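K.L.:
One structure coming up, written as C-alpha cells, with questions to follow.
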Amino acid sequence: MDPDFSYYSKRFQMTGSLGDVYKTLAGLHSPELRFSYVRDLLKEHSMLPTELVQPCVEVVFNREMTDMVRRIGNDHFRCRDYVAALNEYMKCVVGTEPGTVQHAYALANRSAAYFHLNRYELCLADIPRAIKSKYPTKLLYKLYERAGHAEYNLGRGEKAKFNYSECLKRLDDGVMTAEQRSRYKKLLKECIENCNGLEERNFPENQPSIEQLTGGRHPFIPALSKLVELKCSPTMGRGVFATEDINPGKSLLICYILACHSSRF
C-alpha cells in the first residue's frame, strides 16, 4: 500500500470509521463531490494543512553551529563517505553568509567532495566562488591545485596548466617548510608536463534516476501526466483535474530548477 495513503487511512482505521469513509466515497460519482468530501473530512479530523506553501525561512548558522556541521562533514570526508560529507557541506553553504570566511570554507569543502565524486564541473564552479568569498590567502594554492586536477581529468590541458601555474605562484603564501615547498613545486611541474597532448573528454558522472510520470506524458504539456488536464470548471474554478482515479503518491508533474541564487547554492 502506498505510504501516503496509509498515513491517512490508518487514522480512520484506528477510530473504526474507515469502512464508512469507503462507503461514502463509493456513493459519490463526481470528482467535485469526492474532493469536497475528502477536504471536509480531513479538516474535521485536523489533518488538513492550513497552508499549501510554507513561508520561506532563511536559515543562517552562527559561527559555532557552522563549525560543528563542517566538522561532521570533515569526519565523513576522512572516512571517504563523500556523499555524506557533501550533504553537511551543503548545509554550511546555505547557512553561511556570502562574503564571509565561513562561506568560503563551505564552498571549498563542497568543491573537494564534488571532486572525489567525479563531478568535476561542479567542483570547478565552487572554486572561484570560494576565492571571491575571502578564502584565506595561505590556502589558495590548494584550490588552484584541485582546479588543475579537475581540468586535467576533463582533458583540458591548457586550463589545467593555467591552474597548476597559479598554484605554483601561490606556494610562497602557504604555510610549509622549504623542503615541502621544493617537493611541491617539483610535483606541480610534472603535472604541467603531463598536460601536453591531452584530449578533452566528457567525464562520466553518476546521473540521478529520471522520474517517470504516471500514465505517461500529456500530449500537449510534457511536464504533466496524461492522467490530468488543465481546465476551468464552473463549480471548482480553473485548475488541474484528474481524468481518472489516481492513487496517492503518484508522479503527476515533473519540474526542474531553471535558476537560483548563484552565490548561495
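K.L.:
Straight-line reach from LYS138: which lysines fall under 30 Å, measuring Cα to Cα and dropping same-chain residues less than 8 apart?
P.N.:
LYS91, LYS159, LYS161, LYS169, LYS185, LYS186, LYS189
K.L.:
Something else: Give the residue from GLN180, GLY95, ILE72 lying farthest towards the positive end of the charge dipole for segment 63-194; charges sit on Cβ (+1 for Lys and Arg, -1 for Asp and Glu) and the dipole is referred to the Cα centre.
P.N.:
So the residue we want is GLN180.
K.L.:
Which FRET efficiency value, to the nearest 0.05, do you get for GLU121 and ASN74 by plugging their Cβ-Cβ distance into 1/(1 + (r/R0)^6) with R0 = 22 Å?
P.N.:
Details: r = 24 Å, r/R0 = 1.07.
That pair, GLU121 with ASN74, gives E of 0.40.
K.L.:
Ranked from highest to lowest mean number of other Cβ atoms within 10 Å per residue, what is the order of the peptides 178-185, 98-105, 35-42, 146-153?
P.N.:
146-153, 98-105, 35-42, 178-185
K.L.:
While we're looking at this one, here's another question. Rounded to the nearest 0.05, what FRET efficiency is calculated for THR243 and THR15 with R0 set to 25 Å and r the Cβ-Cβ distance? Numbers along the way, then the final one.
P.N.:
Details: r = 33 Å, r/R0 = 1.30.
After rounding, the FRET efficiency stands at 0.15.
K.L.:
If you don't mind, there's one more thing I want to ask. Please list, ordered by chain and number, the residues whose modelled amide H lies under 5 Å from the amide H of GLY155; skip anything fewer than 5 residues away on the same chain.
P.N.:
ARG201
K.L.:
Let me ask another. With the crude spin-label approximation of a point 7 Å out along Cα→Cβ, what separation in nm comes out for VAL38 versus GLU97?
P.N.:
A separation of 4.6 nm, rounded to one decimal place.
K.L.:
Here is a further query. Return the Cα extents of segment 123-166 along principal axes one, two and three, sorted largest first, each rounded to a whole Å.
P.N.:
Per principal axis, max minus min of the Cα coordinates gives 29, 18, 11 Å.
K.L.:
Describe numerically, in nm with one decimal, the distance between label points set 7 Å from Cα along Cα→Cβ at SER165 and at LYS231.
P.N.:
Distance between the two pseudo-spin positions: 6.6 nm.
Readers should treat all values here as calculations from the given coordinates under stated rules, not as data from a laboratory. Just so it is clear, the model here is predicted, and its values are computed rather than measured. Glycine also receives a Cβ, built like all others from the backbone with ideal geometry; neighbour counts cover every protein chain displayed.
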